[in-house]
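Here's the structure we're looking at; comments come further down.
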Amino acid sequence: YLLFKSAEKWTESQKRRAAILFREYPDIKRAYSLSHSLRMIFNKQSIKAGARTNLAKWYQEVEQSGFDSFNTIAATLYDRSEEILNFYIHRASNAAAESFNAKIKQLRAQFRGVIDIPFFLYRLTKIYA
């Protein structure tokens, strides 16, 4: 559980367990450091250009680490970097759109499919507009 939290939020017992874990398994410490540094890039109040620079540094750290799983993540982030970095323009995500898509899927499931599309769109606008 402690690996999913920031080190600043660890309790005293979690700090002791982390010290033991990282001493015995240095690869876990390096992996935690990489994931935490990526988390901090998105938590930091920054501008798009600064975030791009921080991501470039993170890519270099991933290359040096030798973790194949992080290479996959880094490649995905690199391929979609412009879309991802647009988050820094207004610090908005697509969470609202994803939530609305889930509501549409739920409505479709409730009606067990859609035959009459205009009526479905009418119901959709009456319920969620």
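Every number here is computed from the coordinates shown, using simple stated rules; none is lab data. Not measured: the values here are computed from a predicted model. In this analysis, Cβ positions are derived from the backbone assuming ideal geometry, glycine residues included, and neighbour counts consider all displayed protein chains.
For Val114, what is the net charge nearby, where nearby means another residue's Cβ is under 12 Å from its Cβ and Lys, Arg count +1, Asp, Glu -1?
+3
Could you identify which residue out of Leu38, Leu107, Leu55 has the top mean-square fluctuation in a GNM of the chain using Cα springs shorter than 10 Å?
Between Leu38, Leu107, Leu55, it is Leu107 that shows the largest mean-square fluctuation.
May I ask you to list the lysines whose Cα is less than 24 Å away from that of Lys105, ignoring any residue fewer than eight positions away on the same chain?
Lys126
Arrange the following residues from fewest to most other Cβ atoms within 10 Å of their Cβ: Lys57, Lys5.
Result, fewest neighbours first: Lys57, Lys5.
How would you classify the chain from its alpha-carbon gyration tensor, with a ≥ b ≥ c the square roots of the eigenvalues: rounded for a/c under 1.5, else prolate if a/b is greater than b/c, otherwise oblate?
Prolate is the answer for the chain, as a/c is 1.5 or above and a/b outweighs b/c.
I'd like the Karplus ³J(HN,Hα) series for region 54-66: coefficients 6.51, -1.76, 1.60, θ = phi - 60°, whole numbers in Hz, and an x wherever there's a Gly or Pro.
Whole-Hz 3J(HN,Hα) from phi for region 54-66: 5, 5, 4, 5, 5, 4, 5, 4, 5, 4, 6, 6, x.
Can you tell me the orientation of helix 68-79 relative to the chain, as the angle in degrees between its alpha-carbon axis and the longest Cα principal axis, to the nearest 10?
Approximately 50 degrees, to the nearest 10.
Suppose the chain between Ser13 and Asn43 were pulled fully straight at 0.36 nm per residue; how much longer would it get relative to their current alpha carbon spacing?
Net length gain for the segment: 8.3 nm.
Going by alpha carbons, how many degrees (0 to 90, nearest 10) lie between the helix axis of 12-24 and the longest principal axis of the chain?
Taking Cα atoms only, the helix is inclined about 70 degrees.
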